[in-house]
Amino acid sequence: MAAGLLSTAPSGLEGREKEGKIKDANGEIIRRKLGKTDITLPIVSMGVMNANNPEVVRASYELGVRHFDTAAIYQSGNNERMVGQVIKELGVRDEVTIATKIYNPNMREGDGPAETREKLLRQIDESLERLQMDHVDILYVHSITNADQIRNKAISDTMKEIRKSGKTRFIGVSTHQDMHSVIDAAVEEGSYEVILTVLNFTMWDYAELLSAIEKAAKKGIGIIAMKTQAGSSRRSRLEFSDEFTASTIATASLKWVLRNGNVTTAIPGYTTFEHMKEDFSVARGIEYDEAEEKLLNGQNVKLGMGFCRQCGICVNSCPNRVDIPALMRTHMYAARYSNFNHARLTLSGIKPRAGLDGCRACGVCVASCRHEVDIAGGISELMTIYG
C-alpha cells in the first residue's frame, strides 16, 4: 500500500507549457509532437488489440483519435484487416498515423542474419497487404525483452532497410519486459525513432524506467505508453474503495501517465463506445478532478493490484527458473482482457521448460514478488485454462 501518488508522479510538463491544441465542437484537444518525427498526435490514441468491432474504430476517428496501434499477431491478422478496412472506407489514410508490429524472429528460433532479414521483410509485406496500405507510419519490432535484441544488427539493419524502402516512415521497438534496459539500449543503438513501453501508476517507484524514458525523450525518441490502466479492463478485480467509479479509476490512471510530458500519447485498449468516450475525454484536459485527486492521494489505492511490471526479479525465487513475467503477461491477457487467443500465442512463445511445463513439477509455487503480484494464483488460473 502507498499513498500520495500525486506527489510522486513525474510531471515532466515544464517543456510542454505550450502544447499544441486543436479545437473541435467539444473544445480543445491536446496534441504533442512525437520525438524528432514530423508526427503530432492527440495525447490519447487507440490500442486496437482487443477490439473486434469496426464501428468502434470508425467512431474513434470521428471523435478525434488520429493514431491507431495494431500488430500482425493480433487476432491472427484480423485486427490489421479491420483497421485497414475502416481507414479505407473513411478515406482518411493521410489524416491518421498507423502503427503495426512484426515479431523479432530471434526471440524464439535463434535464426541467423539471413533468416532474420527474410522473415522481417516477409512480415511487413503481409501486414501491408492486410492493412490495404502501401506503408505504415510506425513499424515496431514487437516485444523486445532485453538489450541484446536491440544490439542485433540483423534486426536493426533490416528495419532500416524497410524504412529506406518506404514501407514505413519510422521504426521503433515495443517492450513489456526489462523496459529500462531495452530503452537505454535503444538510445545507445541510435536507429530507432519511437519506443512503445508499458507505463502506469503502479510503476510510481520504478525509477530506472522513468529515468530511461526521460533520457530517450531528451534524445528525440518518441515515447508512446501502453498498459496505462495497469493492464486492467473495467471489469477487473482491482481493489478500490466503493466510493470511486470505474470511470474515475480509468481516467485518473490515464491522466497520471499523460502528466509525464516525456510521453507523447497513450494507447488505451478500449473496446466499447462508452470506454472510448471515457478515455478520449482525457485528451481535452489532464488536470485531476476532485474524485481523481482523492483517489490518487488516498490510502485506498492498492499499488500492487496484481499488475506485473515485468522486472524479472521474481525468477530468482523460482527453483525451475520459469519465465514468470511472460506467464503473468499471459494471465493478464486471459483473465483481464478475456483475449484468450492472444494469451495462448504469448504462452506458446515461451521457451520450452520455461512456461507452464516448468511449473507442473511443483506441488506448491514458492515464487515471490516484491510488488504484491499473486504469482501462484495467476499460474494456478493459467493451469486451469490451458492445462
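The values are calculated or read from the model by the stated rules, or taken from the named source; none is laboratory data. If you're wondering where the values come from, they're calculated on a predicted model, not measured in any experiment. When we count neighbours, we look across all protein chains shown, and the Cβ atoms used for this are built from the backbone with ideal geometry, even at glycine.
Of note:
- Check on Lys101, over 22 Å from the mean Cα position of the chain (by Cα) and either part of a helix (DSSP H, G or I) or not assigned by TED's automatic domain parsing to the domain that holds Arg344 (or both): no
- Condition met for Val187 (crowded, with 21+ Cβ neighbours inside 10 Å and either more than 18 Å from the chain's Cα centre (by Cα) or touching a residue at least 40 places away in the same chain (Cβ under 8 Å) (or both)): no
- Odd one out for Gly298 among (1) at pLDDT 80 or above; (2) over 25 Å from Met179 (Cα atoms): (1)
- Remark: pairs (first residue in segment 59-74, on the phi > 0 side of the Ramachandran plot; second residue part of a helix (DSSP H, G or I) and of a type in the set (A, V, I, L, M, F, W, C); Cβ separation under 8 Å; 6+ apart in sequence or on different chains) = Gly64/Phe280; Gly64/Ala283.
- Residue check for Ser348: under 23 Å from the mean Cα position of the chain (by Cα), surrounded by fewer than 20 Cβ atoms within 10 Å (Cβ to Cβ) and under 18 Å from Gln229 (Cα atoms): no
- Here Val65 fulfils each of the conditions (1) touching a Gly at 6+ places or on another chain (Cβ under 7 Å); (2) in a loop (DSSP other than H, G, I, E, B); (3) modelled with pLDDT of 95 or more apart from (1).
- For segment 323-342, the set of residues classified as crowded, with 21+ Cβ neighbours inside 10 Å and either free of Cβ contacts under 8 Å to residues at least 40 places away in the same chain or of a type in the set (Ser, Thr, Tyr) (or both) consists of Asp323, Thr330, Tyr333, listed by residue number.
- Enumeration of residues in segment 366-387 that are surrounded by fewer than 20 Cβ atoms within 10 Å (Cβ to Cβ), modelled with pLDDT of 85 or more and in a loop (DSSP other than H, G, I, E, B): Val366, Ser368, Asp374
- Contact map, segment 269-283: residues that are within 16 Å of Asn52 (Cβ to Cβ) and outside the structural domain of Tyr337 (by TED's automatic domain parsing) paired with residues that are buried (at least 23 other Cβ atoms within 10 Å of the Cβ) and polar (S, T, N, Q), Cβ distance under 8 Å, separation 6+ or inter-chain. Pairs shown: Met276/Ser60.
- Candidate set from segment 312-350 (those that are modelled with pLDDT under 85 and of a type in the set (D, E, K, R)); member that is nearest to Asp178 (Cα to Cα): Arg329
- Of residues in segment 205-239 being at pLDDT 95 or above and surrounded by fewer than 14 Cβ atoms within 10 Å (Cβ to Cβ), the one nearest to Val48 (Cα to Cα): Gly220
- Among (1) of a type in the set (A, V, I, L, M); (2) surrounded by fewer than 22 Cβ atoms within 10 Å (Cβ to Cβ); (3) assigned to a strand (DSSP E or B), the one test that Leu128 misses: (3)
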